[in-house]
Amino acid sequence: MPANTIRIDKLLFFIRLAKSRTTAATWANAGHIRINRCRVERGSSLAKANDVITLPRGDGVITFRLLLIPARRGPPGEALPCYEILP
């Protein structure tokens, strides 16, 4: 795997949008996630910086741009600079 990419399940776990990597993989396997408008059907799908990612959250949808690839699942303050929420 190239160093400038990350699996979508790992990404969502690292930036704290999923409580576990298994939960994120379940969302991906169910086809609920999109990367650059393309439906993702595997947790192993790769995301890279500047990708636009869309996923359902509660009653709505979150769309965000990935700015940085996180190195680990750290505290929330460490995760926030990695992405920006889009309107």
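The values are calculated or read from the model by the stated rules, or taken from the named source; none is laboratory data. Note that the structure is predicted; figures quoted are calculated from it, not measured. Every residue, glycine as well, gets a Cβ built from its backbone with ideal geometry; the counts of neighbours run over all protein chains shown. When the accessible area is computed, the model is the full protein with side chains, heavy atoms only, and any ligands, DNA or RNA have been set aside. Shrake-Rupley method; radii C 1.70, N 1.55, O 1.52, S 1.80 Å.
Being modelled with pLDDT of 95 or more and touching a Lys or Arg at 6+ places or on another chain (Cβ under 6 Å) is not true of D51.
With the structure loaded, tell me whether A25 is surrounded by 17 or more Cβ atoms within 10 Å (Cβ to Cβ), aliphatic (A, V, I, L, M) and closer than 22 Å to P87 by Cα or whether it fails that test.
It is false that A25 is surrounded by 17 or more Cβ atoms within 10 Å (Cβ to Cβ), aliphatic (A, V, I, L, M) and closer than 22 Å to P87 by Cα.
Within the option set I69, I85, being among the hydrophobic types (A, V, I, L, M, F, W, C), touching a strand residue (DSSP E or B) at 6+ places or on another chain (Cβ under 9 Å) and loosely packed, with under 14 Cβ neighbours inside 10 Å holds for one residue only, I85.
Against the condition open to solvent by less than 80 Å² (accessible area, probe 1.4 Å), at positive phi and in contact with a strand residue (DSSP E or B) (Cβ under 9 Å, 6 or more places away or on another chain), how does G43 come out, does it pass? No. Here F64 meets the list (1) touching a helix residue (DSSP H, G or I) at 6+ places or on another chain (Cβ under 9 Å); (2) of a type outside the set (S, T, N, Q); (3) closer than 15 Å to I35 by Cβ; (4) surrounded by 17 or more Cβ atoms within 10 Å (Cβ to Cβ) almost entirely, failing just condition (1). Checked against (1) at pLDDT below 95; (2) within 11 Å of the chain's Cα centre (by Cα), L12 passes all but condition (1).
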